[in-house]
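A.B. asks: Next up is a structure, given as structure tokens.
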């Protein structure tokens with residue numbers, strides 16, 4: 001879901017994790033309130049070109065890297 005939906009509902013979060021790439025980080029939404037903000041930079045999957053199969057092949061490593069990072073964070077927190 002778009003971040004704006006959560007911001008508009010005034011959702012409260014303990015942690016906010018942004019995953020946009022470094023060049024887009026300044027455009028990541030700001031969530032109001034007190035929380036720990038973490039930025040985990042990953043490539044933008046929408047930038048992957050090619051056939052559907054080529055796009056999937058390019059997206060899978062990004063997905064796997066996000067999954068690995070989440071599991072590592074959970075294991076240490």
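A.B. asks: In the stretch 10-57, how many are at pLDDT 80 or above and assigned to a helix (DSSP H, G or I)?
C.D. replies: 9
A.B. asks: Can you spot a residue in the stretch 60-68 that is over 16 Å from the mean Cα position of the chain (by Cα), modelled with pLDDT of 95 or more, surrounded by 12 or more Cβ atoms within 10 Å (Cβ to Cβ) and in a helix (DSSP H, G or I)?
C.D. replies: No.
The values are calculated or read from the model by the stated rules, or taken from the named source; none is laboratory data. Model, not experiment: these values are computed from the prediction. Here the Cβ is made from the backbone with ideal geometry for all residues, glycine too, and neighbour counts use every protein chain on show.
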